[in-house]
Amino acid sequence: MRPILLQGHERSLTQIKYNRDGDLLFSCSKDHVINVWYTHNGERLGTYDGHNGTVWTVDVDSESMYMVSGSADNQLRLWNVATGKCLYTWEFPTAVKRVAFSEDDKQVVCITEQRMGFQCTIRVFNINRTGDGTKQSKEPAHMFSPVGSKATVCAFTSQPGIIFTGHESGKVALFNYKTGEEVDSNERAHGDVVTDLQMSPDKTYCITSSKDKSARIHDTKTLDVIKTFTTETPLNSAAIAPNKPYVLLGGGQEAMSVTTTSLRQGKFETRFWHKVFEEEVGRVKGHFGPINTIAVHPKGISYASGGEDGFVRVHHFDESYFKTQPYGDLQIED
Amino acid sequence: MPGLTQNVDNIEDIDYSDIEAKYKVDYDGSFDNTLIVDGVPIIDNSKLERLLTKICKEFSRKGVPVKQDDIFMPWDEATGKSKGYLFMDFRNSHDANNALLAMNNHPFDAKHIFKLNRFDEIEKFANMDETYVEPEQEEYMPREHLRAWLTDPQGRDQYVVYRGDDVEIFWHGKPSQCELAYKPDWKDFLYVSWSPLGTYIATLHRQGVRLWGGPSWKPQQRFAHPLVKLIDFSPCENYIVTWSNESIIVPDGKPQGPQYFSPEDEGNNLAVWDIKTGHLLRTFPTNSGTEGPAGKRQMQWPALKWSPDDKFVARVSPGQMISVHELPSMFLHDKKSLKIEGVVDFEWCPLSDKDRDEVEKVASVGAKGAKKAPENMIAYWTPEVANQPARVTLLSFPSRTILRQKNLFNVSECKLHWQNQGDFLCVKVDRHTKTKKSIFCNLEIFRVREKDFPVEVVELKDTVTDFSWEPKGERFAIVSTNDPNLGNPGPGITIKTDVSFYQLDRVKNDFKLLKTLPNRTSNAIRWSPRGRFVVLATVGSSTKSELEFWDLDFTLEDRRDGQVVKEDWGSSIQSLGLADHYGVTDVEWDPSGRYLATSASAWTHTLENGYALWDFRGQELLKQIQDRFKQFLWRPRPRTLLTREQQKQIRKNLKEFSRVFEEEDQRESENVNTELLALRRRLVDEWNAWRARSTKELAEDGGHDHVKEKQSEEDKEEIEVWVEDIIEQIEEEVED
């Protein structure tokens, strides 16, 4: 498995995302730029310029028509994927930490940072998909501020009107965004800040990663913890591999404490864990800094990781990955 | 005043009995401060004065002073001679007790030994019933079997782990057989230590040393040496040496007895104890006061060196002599030390297995055995003084005959390394060049088993930092370096080293280089206790922590005694594996030589403390990263009980034996597999059930869109359309 190294960022990666078809990969970084790449050969298709601060987050709709991005310049932007034009800009008092499209592409949820006396706020915008996309309503359709620990990650669930959130305290919760009411919560889901949240294809379960060195699979309806994967390093990202019973975990010691631990300890590797048996299956090394974000191709044929070192590595799985059955012929539902 | 006169009249009648009773002076009728001293020489009047002076002197020398006036000597008027006993008064019963303890059985002179008794008891003795009464048989309490762990049916070894404030003892065997053996609740101790044959485990407390053992891990013995810091067992586990940096103080009112320090031990630091009885044998001061030419020397530990058969213990007074004490009396052997001008260090020659068999035979036959046990041997060295060269001497003991001497020149330091069977002695000589600027190394190897002790010299250009004999073998390994950083250690400096193996060439009878591994960082050599396998480790470095596993007989199927190696010289060395244990501080083989333990102790640093177990090929079996991990120690095993013939038999029929074990392994792995498979099947079933439930719920909840979409996706046709949009066209003129 020879990785394709994408060298288009000057600073550490913050999030990467495949589109629904898996032919494009969006990456955003602290250098204010968003890049889009062809996944099959690593060629850069283009960039989305305009942000004036660290771009924390991106998401793309299912038709690969619109893309949204959130940045530390307090803006949420809507882009035309094909032309690279910024269609609309929302301004907030604080930085945008997370954005996500809904299943039907008609809504976008975003989290803004808790800072300078402003509370952490979750807003849901309706996206006007008619016309050229520049006519959007300035005001959010729904808006609320969760009480207690601030939210760090969020996503729409399969239930209408409900979003799933992960919090700084390690809590995960379900919110009804129309009323702002907390429907359900698991205060003890993690012991430290939740760093990533990725949904399963049908959105019935999700995986969260945390600085408490573990990743967990939750039922998005009941918030039950289904599986726990405990590693020896703080985790920044976790992803679910479709069609294969694996999850991918990435992380590493904080840059400031790296000098006190040995680099050879394998803390900057992508770890493959068996989703059901909760065992580590293998590791892929390559990054020379902590891994900040991992994404898997929607069909499960490749995956990409973005690191603190400023590189994105795209790995196409070898034939043997699909053929071998290291655990025998057990039928595992996706 | 009629009333008053009346009172006066009656004064005689007043009852004073209550007051008298209150202030009555008790007349001390007992004689508990009086002792009878028996065994005094019978003398006539003329010598009386001299005898009394002598006795007083003798008593005060032992710390129980007595005045001449307090001694009463009965006199036989008829003969004009003394009666051979006398009475002694002490100030109180406490002093009398002390005198009794100190002077009873005291040898006054060659013919007279004092016997002391309490005066009170004389009556008792006089009226003693002379008829013999059968003493009641003390019920026999069988002691626990102290070597019970050796009877483990699976033949596992044990190890102890000290972490935080907790100690745990584990069994180590096949993966399914590793389990906790015992978790003691020992409190407040410095560290733990096994005895050399694994019988006891010692803990060092404020009050002294405690030994534990047996299947119940009950306390077996204790030695009251306050603030003890170091201990050392004798090789056969008969004695123990303890050391504390604080001098011994015996406060008043301390318990007395053979297990405790007495006033004459005050000021000393070293103590020798008998393990079985718990009695104190002797104490020594540590000669830390003597300062070498290079300022204060670090104390050597062990300060007392035991002969391999526990018969003698010796210590060196640097520059002067070696004092050898006999056991168990701890008297100086032959009443004099070995006076050796300038002696620096010495080592006892270890006993080979054969010697040991002989010693045991002699011991079992008793004094009648015609053959005498082989003598012990000491090797020592003296540095260059004035015109005299440095010298290494082999001395036979107790006959004190010099067996071999070798003169050496330009010596700055010597280290004596015995091979563990006592076949070879290697003297590692650090020599300086004439300018004294650089140091190089010579290895002077004495072949002890041959006539006249031939010496062979291996000259090296570099400095040797570590030397190690292969146990029971004819090979050794050295770590050498010419790194300029040697000698000025600093943080982050790892010294580059070379590791070389040498072997005795049976044909030429000299040691030849087998192989050199250049450009390493290894600084520790650890031979497997059975020989053949060796681990090279980089210990105590903050950047490197490699472990290299080597096999020195890789091409040999199995080595037989006396078989001559015919292959190319050095071709049988093979690397088995490489491993890494970050921050490793200790590397130790288990007694069977099959497993290796590496540990990173919190006593040295606090990064990733813990321990790891490896097999001899460098495969990691277990790794435990634990905060505040301190100590890992394998439990040593005593020598095998099988005779040479039995061992040979086993080696011959190895196939038969191994088949049984292989079957066992097979069964075990199958067992593990089926268990694991069952577990996995269960997990998969649970997962699938949950997935089915949640997808069903999803469908019911009106996730119709999703289902619909899925269908539409299947119907989808793939059409490839190239869209080319010109977004912007900019014309720029480029000027040259």
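The values are calculated or read from the model by the stated rules, or taken from the named source; none is laboratory data. Please read all numbers here as calculations on a predicted model, not as lab measurements. Heads up, the Cβs are rebuilt from the backbone with ideal geometry, glycines too, and the neighbour counts pull from every protein chain shown. What goes into the accessible areas is simple: the full protein's heavy atoms, side chains included, and nothing from ligands, DNA or RNA. Shrake-Rupley method; radii C 1.70, N 1.55, O 1.52, S 1.80 Å.
Some notes on this structure:
- Any hit, the stretch B:539-551, residues being outside any loop (DSSP other than H, G, I, E, B), under 26 Å from the mean Cα position of the chain (by Cα), at pLDDT 80 or above and more than 14 Å from chain A (Cβ to nearest Cβ): no
- Summed over the stretch A:172-189, the residues that are open to solvent by 10 Å² or more (accessible area, probe 1.4 Å) and within 19 Å of the chain's Cα centre (by Cα) give a count of 0.
- Of the strands (runs of 3 or more DSSP E) contained entirely in the stretch B:99-188, those carrying at least 2 residues that are open to solvent by 70 Å² or more (accessible area, probe 1.4 Å) and without any contact (Cβ under 8 Å) to a residue 60 or more places away in the chain fall at B:179-182.
- Unique match (being open to solvent by 10 Å² or more (accessible area, probe 1.4 Å), at pLDDT 80 or above and not charged (D, E, K, R)) among B:LEU536, B:LEU556, B:LEU578: B:LEU578
- Taken over the stretch A:317-334, the residue count meeting the criterion of being in a loop (DSSP other than H, G, I, E, B) and exposed (fewer than 10 other Cβ atoms within 10 Å of the Cβ) is 6.
- Close pairs (7 angstrom Cβ cut-off, 6 or more residues apart or separate chains): outside any loop (DSSP other than H, G, I, E, B) in the stretch A:128-153, among the acidic types (Asp, Glu) anywhere: A:THR152/A:GLU168; A:VAL153/A:ASP196
- Residue ID - nearest to A:ASP224 (Cα to Cα), chosen from residues in the stretch B:639-690 that are open to solvent by 70 Å² or more (accessible area, probe 1.4 Å) and at the interface with chain A (Cβ under 9 Å from one of its Cβ atoms): B:GLU686
- Of residues in the stretch B:594-608 being open to solvent by less than 10 Å² (accessible area, probe 1.4 Å) and touching a residue at least 40 places away in the same chain (Cβ under 8 Å), the one nearest to the other protein chains (Cβ to nearest Cβ): B:THR598
- Selection status of A:GLY42, within 16 Å of A:HIS297 (Cβ to Cβ) and in contact (Cβ under 8 Å) with a residue 60 or more places away in the chain: yes
- Whether a residue is of a type in the set (S, T, N, Q) and more than 13 Å from every other protein chain (Cβ to nearest Cβ) was assessed, and B:GLN624 does not pass this test.
- Within the stretch B:316-346, the residues that satisfy the criterion of being in contact with a His (Cβ under 8 Å, 6 or more places away or on another chain) and in a strand (DSSP E or B) are B:VAL324, B:HIS325, B:GLU326, B:LEU332.
- Counting only helices (runs of 4 or more DSSP H) that fall entirely inside the stretch B:622-736 and contain at least 3 residues that are modelled with pLDDT of 80 or more, the qualifying elements are B:644-652, B:654-700.
- Of the residues making up the stretch B:8-28, those that are at pLDDT 65 or above and under 30 Å from B:SER93 (Cα atoms) are B:ILE19, B:GLU20, B:ALA21, B:LYS22, B:TYR23, B:LYS24, B:VAL25, B:ASP26, B:TYR27.
- Looking only at residues of the stretch A:82-102 that are out of contact with any Leu (no Cβ under 8 Å at 6 or more places or on another chain) and within 14 Å of chain B (Cβ to nearest Cβ), we find that the one that is nearest to A:TYR177 (Cα to Cα) is A:SER102.
- Candidate set from the stretch A:312-334 (those that are of a type in the set (Val, Ile, Thr) and away from chain B (no Cβ under 14 Å)); member that is farthest from A:ASN41 (Cα to Cα): A:THR324
- Taken over the stretch B:376-422, the criterion of being of a type in the set (S, T, N, Q), without any contact (Cβ under 8 Å) to a residue 24 or more places away in the chain and either touching a Leu at 6+ places or on another chain (Cβ under 6 Å) or outside any strand (DSSP E or B) (or both) is satisfied by B:ASN387, B:SER396.
- Condition check for B:LYS434: more than 22 Å from B:GLY531 (Cα to Cα), of a type in the set (Lys, Arg), part of a loop (DSSP other than H, G, I, E, B) and out of contact with any Lys or Arg (no Cβ under 7 Å at 6 or more places or on another chain): yes
- Any hit, the stretch B:324-335, residues being surrounded by fewer than 20 Cβ atoms within 10 Å (Cβ to Cβ), farther than 26 Å from B:PRO196 by Cβ and out of contact with any Lys or Arg (no Cβ under 9 Å at 6 or more places or on another chain): yes
- Annotation: B:ARG693 fulfils all but one of (1) facing chain A (nearest Cβ under 10 Å); (2) farther than 30 Å from A:GLN159 by Cα; (3) open to solvent by 60 Å² or more (accessible area, probe 1.4 Å); the unmet one is (2).
- Count - residues of the stretch A:103-127 that are in a loop (DSSP other than H, G, I, E, B) and within 14 Å of another protein chain (Cβ to nearest Cβ): 4
- Selected residue [buried (at least 19 other Cβ atoms within 10 Å of the Cβ) and outside any strand (DSSP E or B)] from B:ILE445, B:ILE495: B:ILE495
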